[in-house]
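Read the figures in this text as sums done on the coordinates, not as results from a lab. Computed from a predicted model, the values in this text were never measured in an experiment. In this analysis, Cβ positions are derived from the backbone assuming ideal geometry, glycine residues included, and neighbour counts consider all displayed protein chains.
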There are 2 protein chains.
Amino acid sequence: MADKAQLQEAIKTQGEVVRKLKSEKASKEQIDEEVAKLLQLKAQLGGDEGKHVFVLKTAKGTRDYNPKQMAIREKVFSIIISCFKRHGAETIDTPVFELKETLTGKYGEDSKLIYDLKDQGGELLSLRYDLTVPFARYLALNKITNIKRYHIAKVYRRDNPAMTRGRYREFYQCDFDIAGQYDAMIPDAECLKIVYEILNELDLGDFRIKVNDRRILDGMFAVCGVPDEKFRTICSTVDKLDKMAWEDVKKEMVNEKGLSEDVADRIGEYVSMQGGQDLAERLLQDPKLSQNKQAFAGLTDMKLLFSYLELFQVTDKVVFDLSLARGLDYYTGVIYEAILSQTIPASVSTPAEQNGADEAGVSVGSVAGGGRYDGLVGMFDPKGRKVPCVGVSIGIERIFSIMEQKAEAEVLYKKNPKLLSQLQHCEETGIPLVAILGEQELKDGVVKLRNVASREEVDVPRADLVDEIKKRTL
Amino acid sequence: MADKAQLQEAIKTQGEVVRKLKSEKASKEQIDEEVAKLLQLKAQLGGDEGKHVFVLKTAKGTRDYNPKQMAIREKVFSIIISCFKRHGAETIDTPVFELKETLTGKYGEDSKLIYDLKDQGGELLSLRYDLTVPFARYLALNKITNIKRYHIAKVYRRDNPAMTRGRYREFYQCDFDIAGQYDAMIPDAECLKIVYEILNELDLGDFRIKVNDRRILDGMFAVCGVPDEKFRTICSTVDKLDKMAWEDVKKEMVNEKGLSEDVADRIGEYVSMQGGQDLAERLLQDPKLSQNKQAFAGLTDMKLLFSYLELFQVTDKVVFDLSLARGLDYYTGVIYEAILSQTIPASVSTPAEQNGADEAGVSVGSVAGGGRYDGLVGMFDPKGRKVPCVGVSIGIERIFSIMEQKAEAEVLYKKNPKLLSQLQHCEETGIPLVAILGEQELKDGVVKLRNVASREEVDVPRADLVDEIKKRTL
């Protein structure tokens, strides 16, 4: 039984891996993963030596929410939902899985990350990868040509998880989309306004919203000399510029995607450009780019978009960035992505993640993205009837990560904290009211309420406490 | 190419099936299913004749929710959640899939209905079948021995769908569970109280809650002469008594499960018994049953349970019913199930469903169920530590079906309805306020508000309308 001996050897080796990690105080996540491998090897051994050991864990890349985390989640949702409703959206829901075919050909190179269900007889199914394709399927199936809808639900991607940075295999998306024929760039501008409002209200610190247009990218590729059939794949490579240096992106273009150095360099010049309405105007003067129909249309719309963004007073955070590409196949016009400036403190990201190949630093990164996809509904409609759509998706897990760390700070008091240092903490963190229950208050059956800002104090009978707090925090 | 000829023949036959159904005006669901089969056959043909046709639909047994349906869903959830919160529950969430092994051996004969994910490398996963097993896994993983939690989420079963009756393959469960060591029957009684409150508040008409105890069933099986190893499988057969006549259940026991006629008949006598506390007392006098330790413990607890139910004033709807078995393996004590008396009008159930083999009539049936499962957490704990648990699951889809039909009635007005008939409709359906906007009101810039019950009318300036309605509907 050579197999058995090999297996026993593998178990011994894996046991050492686990012991080493434990002695090095590696992250719980890392240790759990290696322990799981060990247990699986033992299970393979079977028989007396390796009695089957059950592994108690959630599936890789997924998490439970405990009650405290649920409270944060509900708070975030309520801010997002009230913004969506303020902008006139209704909500819908779709099943967690779709016919496999419904998702086929919509996600480009990311399609390999789709979870398929096992063929147990009947239809071939896949878990939804986003909420946009199910929305387009919903519109086509119900022959809806006009709707403003939001949809908050979990989506599934067999990606490499980085949980402390909020990257999961099961995660929420909060989508807002506008379907229907409207005057150019008005719905697109509203989507950007919504991202702006939500990120402001969630109070996550500074952010930027990058904007570009697929037609500008395509025009740029044409002008630079990229062959037509390589537009999409080069687009995917450009999309990596937020995680990789230009030199590496260029290498991929030349070595893997077969562009000449010249062509790649010309792309490199364009994708380094950033600006606002002025950049759109300047590029409209670019003799090559303005001759390209696609680029001309995209740039004209970009100029118009910025004029609406100015009316909406959001241009302080919006940047026209020619390096923004977005990976998904279905975009046809404007695309955008919001990035938080804040980084997660090093203490909560594991060494493994910091050294990860595609993890340059530990910035929280993209928290919202979207764009125009005028062709997607038509792909589902039996007669190919198109319904123009534009939308945005808020990626809530990274926001949860930040909010959970904030909430953690709120309960991390000192042991035996002095009253004064507690009050100081409230002033620093903007807590509006303090309830003080000292010996005197206990004796009098009251609670002392202190307004942190004005330092006023008032004794409130216990029976009136809830009403009083409500009144003062409205 | 005999295969091709066969396929063309099959396509021809299937085409006739579809045409026949259409001419018979069969249900949309039924036609869609046959059309899907036809398209699949055509796809198999491939080549020029059968160019691949995309089938635009949701996966079998699933549905979209449109904005109107979402409004109903949110209303139902808010009633249920506020009841759960009133009873002191916090909420948690778990991933939609678990390790396949986590679900193994928990559901008895129903395990065949579990959706597995495809093995794409990595862990073997399954979609959750209920929220109870993930809850027990959560408790064991986080070493929690004490919690009152609710969880509202979708679960997945590869069952035979009957959509107009609210039976889907993807459906919501609203679960409330109490984990922890408490005095006998108090948490169990609270779960029943919650079902009672929620079904009352949802205003779905009359209902009954059947109660039994797994220990009583096991004792009864022992006393009747069922061999130990057949307890679970006979339990599954007894569970079918709500859908099958006793004669058919008996046949299954004798022909499929190998009981003797005598044994089956003795079971038949017991399972016809229904009552309240009195029945528990009477069975405690049954010389055989009271000698059985399991049955004695179960009956003593049943008596105690009814004394609490009396204090909670819910005994008018609760019946101790010896035929209630519930299919799942993990129950260890009290079990219960709530059944609405209301039936869905024939017009909305398709002929196919009415004639379905296991569809006796079109009663909405069970809308809530649960019980005590003291051993489940221990199955996950590495050291087998047990955490006693009891809980209830509200099956919301059937309730949605009823509410959606009710809501449908609210918008089905006549064309050109007379004011008087509109007011009459309001009186009949209990709508409290009517806003009237006639020519005079338009001219005066007011809205006439009519109190439907008192028939009082008052003109309200348009600017004050919202406040006035709020004041009158508080």
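Can you check what the net charge comes to around residue B:457, using other residues whose Cβ is under 10 Å from the Cβ of residue B:457 (Lys, Arg +1; Asp, Glu -1)?
Values: positive: B:448, B:450, B:455; negative: B:456, B:459.
Overall, the nearby charge balance is +1.
Over the Cα atoms of the stretch B:216-271, what Rg and Dmax result, in angstrom?
Every Cα atom of the stretch B:216-271 included, Rg and Dmax give 9.8, 25 Å.
Per residue, how big is the convex hull around the C-alpha atoms of the stretch A:1-151? Give it to me in cubic angstrom, could you? Let's see the in-between values first.
Details: hull volume 31.9 nm³, N = 151.
So the per-residue hull volume is 212 Å³.
Using a 7 Å offset from Cα along the direction of the beta-carbon, what are the separations from residue B:278 to the same position in each other copy, nm, ascending?
Values, ascending and in nm: 9.1.
Under a Cβ-Cβ cut-off of 12 Å, what is the net charge of the residues other than residue B:318 that fall near it, where Lys and Arg count +1 and Asp and Glu count -1? Don't skip to the end; give the middle numbers.
Details: positive: B:193, B:208, B:210, B:317; negative: B:188, B:310, B:316, B:321, B:337.
Computed value for this residue: -1.
When the helices in chain B are scored as -39500 (n - 2.57) per DSSP H run of 4 or longer and the sum is shared across all residues, what 222 nm value do you end up with, to the nearest 500 deg cm²/dmol? Don't jump to the answer; show the numbers that get you there.
On the way: 19 runs with 211 residues, N = 474.
Rounded to the nearest 500, the figure is -13500 deg cm²/dmol.
How large is the dipole of chain B about the Cα centre if only Lys and Arg carry +1 and Asp and Glu carry -1, each at its Cβ, rounded to the nearest 20 debye? Walk me through the numbers on the way to the answer.
Details: 69 positive and 76 negative charges, 184 e Å.
The calculation lands at about 880 debye.
What is the distance in Å between the Cα centroid of the stretch A:52-90 and that of the stretch B:119-181?
The stretch A:52-90 and the stretch B:119-181 have Cα centres spaced 16 Å from each other.
For residue B:81, place a label point 7 Å out from Cα along the Cα→Cβ vector, do the same in each other copy, and report the separations in nm, one decimal, smallest first.
0.5
Looking at the stretch B:163-272 from every direction and averaging, what is the projected area of its Cα convex hull in nm²?
Working: hull surface 39.2 nm².
It is 9.8 nm².
Excluding residues fewer than 8 places away in the same chain, name every one of the aspartates and glutamates whose C-alpha is closer than 13 Å to that of residue B:250.
Within reach: B:239, B:261, B:262, B:265, B:269.
Determine the principal axes of the Cα atoms in the protein assembly as shown, then give the extent along each, sorted from largest to smallest and rounded to whole angstroms.
Computed over the Cα atoms, the extents are 101, 82, 74 Å.
Give me the lysines in straight-line cross-link reach of residue A:293: C-alpha distance below 18 Å, same-chain residues under 8 apart excluded.
Cross-link targets: A:303.
Which residues make up the longest stretch of chain B that has no trypsin sites (Lys or Arg not before Pro) in a DSSP loop with at most 10 other Cβ atoms within 10 Å?
Working: sites that count: B:25, B:51, B:143, B:383, B:414, B:415, B:418, B:455.
Looking at chain B, B:144-382 is the longest stretch - no exposed trypsin sites (Lys or Arg not before Pro) with at most 10 other Cβ atoms within 10 Å.
What Kirkwood Rh does the stretch B:2-45 have if only Cα atoms enter the pairwise 1/r average? Answer in Å.
Numbers: mean 1/r = 0.0943 Å⁻¹.
Radius from the Kirkwood sum: 10.6 Å.
Please work out the FRET efficiency for the pair residue A:366 and residue A:286, using the Cβ-Cβ distance as r and a Förster radius of 41 Å; give the result to the nearest 0.05.
On the way: r = 28 Å, r/R0 = 0.69.
Taking R0 as 41 Å, the efficiency between residue A:366 and residue A:286 is 0.90.
Please go through the residue pairs A:22/B:118; A:20/A:60; B:193/B:471 and name each one whose alpha carbons sit more than 24 Å apart in this structure. List each step's numbers first, then the result.
Numbers: A:22/B:118 33 Å; A:20/A:60 22 Å; B:193/B:471 32 Å.
Beyond 24 Å: A:22/B:118; B:193/B:471.
Starting from the 7 Å offset along Cα-to-Cβ, what nm value, one decimal, do you get for the label separation of residue B:442 and residue A:8?
9.4 nm
If you take the square roots of the eigenvalues of the alpha-carbon gyration tensor of the stretch B:67-407 and sort them as a ≥ b ≥ c, do you get rounded (a/c under 1.5), prolate (a/b over b/c) or oblate? Walk me through the numbers on the way to the answer.
On the way: a/c = 1.25, a/b = 1.16, b/c = 1.07.
Rounded shape, in that the Cα axes give a/c under 1.5.
Amide H neighbours of residue B:125 under 5 Å, counting only residues 5+ apart in sequence or on other chains, H built in-plane at 1.01 Å?
B:100, B:117
Under the definition of partner shielding as Cβ atoms of other protein chains within 10 Å of a residue Cβ, what is the mean value for peptide A:315-322?
Details: counts 0, 0, 0, 0, 0, 0, 0, 0.
Averaged over the peptide's residues, the number is 0.
If I take every Cα pair under 8 Å that is 6 or more residues apart in chain B, average their sequence separation and divide by the length, what percent do I get for the relative contact order? Intermediate values should be presented prior to the final figure.
Numbers: 718 pairs, mean separation 74.3, N = 474.
This gives 16 percent for chain B.
Find me the longest stretch of chain A that has none of the exposed GluC sites (Glu not before Pro), where exposed means in a DSSP loop (not H, G, I, E or B) with at most 16 other Cβ atoms within 10 Å.
Between the exposed loop sites, the longest stretch runs A:50-455.
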